[in-house]
Amino acid sequence: MVFYKACINKRVDMKRILFTIFTLLLAATSFAKEIPLVSNIYARENISLNGKWNYVVDPLENGYYGYRLEVLKNGFFKNRKAQNPQELVEYNLDTSPIMDIPSDWNTKDDQLFFYEGTVWFKKDFEVSKEAGKKYVLYFGAANYDTKVYVNGTKVGEHIGGYTPFNFDVTDEITNGNNFVVVKVDNKRHKDNVPTVNMDWWNYGGITREVMLSVLPETYLEDYFIQLPKGVTNLITGWVKLNNPLAGQTITIDIPELKIKQKLLTDTDGKAVFEIKSKPVLWTPENPKLYDVALHSENENISDKIGFRTIETKEKQILLNGQHIFLRGISIHEEAPFYQGRAWSKEHAVTLLSWAKEMGCNYVRLAHYPHNENMVREAERLGLMVWSEIPVYWTISFDREETYQNAQNQLRDMIYRDKNRAAVIIWSIANETPHGDARDKFLSRLSSFARQQDNTRLISMAMEVTEAPNNINKLDDNMNEFVDVVSFNQYLGWYRGTNESCKDMKWEVPYNKPVIISEFGGDALQGMHGPKTQRWTEEYQEELYIQNLEMLDKIEGLSGLSPWILVDFRSPRRQLPGIQDFYNRKGVISNWGIKKKAFFVMQDFYNKKKEEYKTK
Ligand code: GCU
């Protein structure tokens, strides 16, 4: 009672007391857990864990299950060694082969090209552990089902192959030598997101960067700093601490805008703000980014943030109130020249520079959230972004666990990139089959996306697959749940002929802007012949010429993202001597050589750019 009175007299925030008690209880259970993503991880004090990892291929998950399929207490994650000549230990993570991480195992070990299953990874690392610091283990992504152990103790797991995750490992890290073991299983399952079939390679592994972030006990967990929808003279948002501490001072500092605003957190540790200011607006032509610094009582971080608005008005897309055309191209996250998962800034700059060279101001990052470098480099180079979750083709729309998985991936995609001005469209699906379960699933996802971020546009790639009486009609009742109606169509490749394009009529009966999110056809770079011969560069060139002429007549056409910038690996493309497990729809070959269709697009976009200068 005395203690209680003392607290009241000292006006100590009971919430802080309760929070401390909760934290102590949590620590007492001595297990870490997946915690909210540390925003803008690159701005933190990090120990990189990229580099040489040992790996063990484990097709029967022998390192995780006993022979009666019970979960082992002393599985490979214990990183055990035989302590004497009699002891039986049937693995050794120290003497196992080495793989450079980040990477996919498929392109790093010839024996694993087609492998789908579990691979164990192990990394030793040193830490000079400091009291009062928090240690957060961060993964940019790992595909698909990941379990993480630090010094033999499980710290958490993650489902999904394309979004970041992190664990508080403060209790598990020791001063000096440490090791992390990661079990990655990329087996496909019907109820996964994506499901068992997709037209891209199921690259497995720790496919993006890994780092140990060293943070103060109370750190700047997350923030949102953007323009409100349709407003260009107000910077609004919020900053949030990881702890629900009230009365903490946070300063937002944007020197170029002469902003240095002090904020006080509420009892949730969050500070909401609204600052009058007229920033230079981010555009592809002038991708202006401001240095933004955030100071709390324990931490200083910085970011580069652009300010712009994106809206639709009937059949137009308006960037900063200006009618624009999205001169785009679709891109898979495939490393240029040598394939495998792209992840680095250099991969991103190479791919995006090819898009810029073709005259793009926009890229469709298909069919899953790409790595953060790709989005940040698009923003720096002046490319607007369509970012998508892999709700692709025929996933299990009738299963709640599949919905929760899709929603988690959508949440994490938005969480990571909500401050990236370049991102203008969140896409919730690609070519999904009509039906009540699918409609319910996608309308929920659309509402969730809007609830997470009401400043950007929502879309999805629908499809038009037939043309009775030469009338191609988009007919998808999901149109009411998107801001932009987008669809894929493959006249000249999967249906009709290049010749038939000129006879085609198009009907898009919705008063919304239209994006053709995919069209295209295959060509083996260097294969030449008459423009009627499939697989030649001439056929692909003619397909582009005929499709562009036809599509440009669609009322409300506001953008294109032809399929696709670069040839990419696919297990569905078996034609020997031509495909050899590549999808050849790239306008650039997997060796980085431009095909004739590249120049058709470049010419079309140069004309489109001139056309919209006067809009
Ligand atoms: C589909 C699909 C792509 C696929 C492409 C193709 O539209 O969205 O993922 O690669 O067609 O068949 O090449």
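Values in this text are rule-based calculations from the coordinates and carry no lab data. For clarity, every value in this text was computed on a predicted model and none was experimentally measured. FYI the Cβ positions are ideal-geometry reconstructions off the backbone, even for glycines, and counts take in every protein chain you see.
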For this session: Only residues that are within 16 Å of the ligand (Cβ to nearest atom), in contact with a Leu (Cβ under 9 Å, 6 or more places away or on another chain) and not in a loop (DSSP other than H, G, I, E, B): list them for the range 386-411, please.
Result: 386, 387, 388
Exercise. Which residue pairs have Cβ atoms closer than 9 Å, lie 6 or more positions apart in sequence or on different chains, and pair a first residue in the range 347-373 that is more than 16 Å from the ligand (Cβ to nearest atom) with a second residue that is in a helix (DSSP H, G or I) and among the polar types (S, T, N, Q)?
Worked result: 347/373; 348/373; 349/373; 357/602; 358/602; 359/602; 359/606
For this session: Could you look through the range 75-89, keep only residues that are in a loop (DSSP other than H, G, I, E, B) and in contact with a Gly (Cβ under 9 Å, 6 or more places away or on another chain), and pick out the one that is surrounded by the fewest Cβ atoms within 10 Å (Cβ to Cβ)?
Result: 80
For this session: Being within 16 Å of the ligand (Cβ to nearest atom), among the β-branched types (Val, Ile, Thr) and touching a Ser or Thr at 6+ places or on another chain (Cβ under 7 Å) narrows it down to one of 578, 564, so name that one.
Result: 564
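Listed here are the residues, each with its yes/no results for (1) under 30 Å from residue 567 (Cα atoms); (2) within 16 Å of the ligand (Cβ to nearest atom); (3) touching a residue at least 24 places away in the same chain (Cβ under 8 Å); (4) part of a loop (DSSP other than H, G, I, E, B).
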| site | (1), (2), (3), (4) |
| --- | --- |
| 189 | yes, no, no, yes |
| 197 | yes, yes, yes, yes |
| 202 | yes, yes, yes, yes |
| 225 | no, no, yes, no |
| 231 | no, no, yes, yes |
Exercise. Would you say residue 459 is surrounded by 15 or more Cβ atoms within 10 Å (Cβ to Cβ), without any contact (Cβ under 8 Å) to a residue 40 or more places away in the chain and on the phi < 0 side of the Ramachandran plot?
Worked result: no
Exercise. What single numbered condition from (1) in contact with a strand residue (DSSP E or B) (Cβ under 6 Å, 6 or more places away or on another chain); (2) more than 24 Å from residue 469 (Cβ to Cβ); (3) within 13 Å of the ligand (Cβ to nearest atom); (4) not acidic (Asp, Glu) fails to hold for residue 516?
Worked result: (2)
For this session: Evaluate the following for residue 583: is it within 23 Å of residue 473 (Cα to Cα) and within 14 Å of the ligand (Cβ to nearest atom)?
Result: no
Problem set entry | Residue in the range 36-57 that is within 13 Å of residue 183 (Cβ to Cβ) and assigned to a loop (DSSP other than H, G, I, E, B) present | no
Problem set entry | Within the range 445-485, considering residues that are within 20 Å of the chain's Cα centre (by Cα) and among the basic types (Lys, Arg), the one nearest to the ligand (Cβ to nearest atom) | 456
Exercise. Could you say which residue among 342, 355 is under 24 Å from residue 602 (Cα atoms), buried (at least 19 other Cβ atoms within 10 Å of the Cβ) and under 19 Å from the mean Cα position of the chain (by Cα)?
Worked result: 355
For this session: Could you check how many residues of the range 486-513 are within 16 Å of the ligand (Cβ to nearest atom), crowded, with 19+ Cβ neighbours inside 10 Å and not in a loop (DSSP other than H, G, I, E, B)?
Result: 4
